[in-house]
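Each remark here refers to the structure printed beneath this line.
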Amino acid sequence: MKNPHISEDLYFGLELSTLAMSQFKDYDPNTIFGFTEPVESFINYIKSKLRLQKITNLKEAKDMLFFYANDKMYNNLFSKLRAQINLMTLSEYQEHLEGVENPIDYKRYQLVKTYQFDLGRQGIKAYDVSEYVKLTRLCGLCGLLSENEVRNRIWDIAIITKKWFTSWNDFHKAVMIGEQFAEAYGHQNHNILAPEVRSHNLWYKLSNEAKLEHSPFLGQQLFSDGIVNH
């Protein structure tokens, strides 16, 4: 049952992070912060994850959120690499790739080359949006942001995101490609639904359960053509 204190627009915004947040065992989509009465040990665990992103206070939290919200994170890098590759012939690209020594950069060039025409002008912006919403909720959970600010931030990004995507399938396809690009897995093929992609099985689960009552996507028109076929 949906929380009556959360509007439909805000629910939509919260659902933008479902693929990322559902990887936490006790994720509750019907709450603002994503968890119902989390224990102190879990909150400390989330704080440790935030510290890995160099987020330990309000300023650091807002700085990181600014980067995600203003296209200064992974989609920005993806777009720059795509523009660079688009200026190369195939032989120039292959020669350039042979000279890339950093394995993360090597993988990212490969991913961009594979998906440069599949994602449209939005690139992997969906990944940055998903991470923005997740980070906003986790910062709220840890007391770095007030609940009111979390609500307002997520509502604002939800209104903008509705103009960028036409289906959950398009959105989450970009999230999964963005996940590969951000983490630059070393051993996998370029199929976005490859088993090595951490969010792969979860996306199947969410899409196949989209019409069930407990699904966070129930009743969302944006999901109308978003079922992933096996």
Some residue of region 161-181 being out of contact with any helix residue (DSSP H, G or I) (no Cβ under 8 Å at 6 or more places or on another chain) and over 30 Å from LYS107 (Cβ atoms): yes
Leading residue by the ranking (nearest to GLY13 (Cα to Cα)) among those in region 80-135 that are in contact with a Gly (Cβ under 8 Å, 6 or more places away or on another chain) and of a type in the set (A, V, I, L, M, F, W, C): VAL133
Residue satisfying all of: in region 1-27; among the charged types (D, E, K, R) and under 23 Å from TYR45 (Cα atoms); least open to solvent (accessible area, probe 1.4 Å) among these: GLU15
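Could you list, in sequence order, all residues of region 46-90 that are of a type in the set (Ser, Thr, Tyr) and farther than 21 Å from LEU138 by Cβ?
Initially, region 46-90 is screened for residues of a type in the set (Ser, Thr, Tyr), giving 48, 56, 68, 74, 79, 89.
Those that are of a type in the set (Ser, Thr, Tyr) and farther than 21 Å from LEU138 by Cβ: SER79, THR89.
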Hits in region 88-118 (condition: open to solvent by 30 Å² or more (accessible area, probe 1.4 Å) and either within 24 Å of THR161 (Cα to Cα) or aromatic (Phe, Trp, Tyr) (or both)): TYR106, PHE117, ASP118
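Out of ILE85, ILE160, ILE154, report the one residue that is among the aliphatic types (A, V, I, L, M), open to solvent by 10 Å² or more (accessible area, probe 1.4 Å) and either outside any loop (DSSP other than H, G, I, E, B) or on the phi > 0 side of the Ramachandran plot (or both).
Of the residues listed, the single one that is among the aliphatic types (A, V, I, L, M), open to solvent by 10 Å² or more (accessible area, probe 1.4 Å) and either outside any loop (DSSP other than H, G, I, E, B) or on the phi > 0 side of the Ramachandran plot (or both) is ILE160.
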Unique residue being surrounded by fewer than 17 Cβ atoms within 10 Å (Cβ to Cβ) and more than 25 Å from SER146 (Cβ to Cβ) when the list is ASN70, ASN76, ASN57: ASN76
Scope region 88-116; condition outside any helix (DSSP H, G or I) and under 20 Å from the mean Cα position of the chain (by Cα); matching residues: GLN116
Condition check for LYS125: at pLDDT 85 or above, open to solvent by 10 Å² or more (accessible area, probe 1.4 Å) and either farther than 25 Å from GLN110 by Cα or more than 15 Å from the chain's Cα centre (by Cα) (or both): no
Number of the condition not met by GLU147 [criteria: (1) open to solvent by 60 Å² or more (accessible area, probe 1.4 Å); (2) over 23 Å from PHE12 (Cα atoms)]: (2)
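The values are calculated or read from the model by the stated rules, or taken from the named source; none is laboratory data. Quick caveat, the model's predicted, so the values are computed rather than measured. Note that we place each Cβ from the backbone using ideal geometry, even for glycine, and neighbour counts take in every protein chain shown. Side chains included, ligands, DNA and RNA excluded: accessible areas come from the protein's heavy atoms. Shrake-Rupley method; radii C 1.70, N 1.55, O 1.52, S 1.80 Å.
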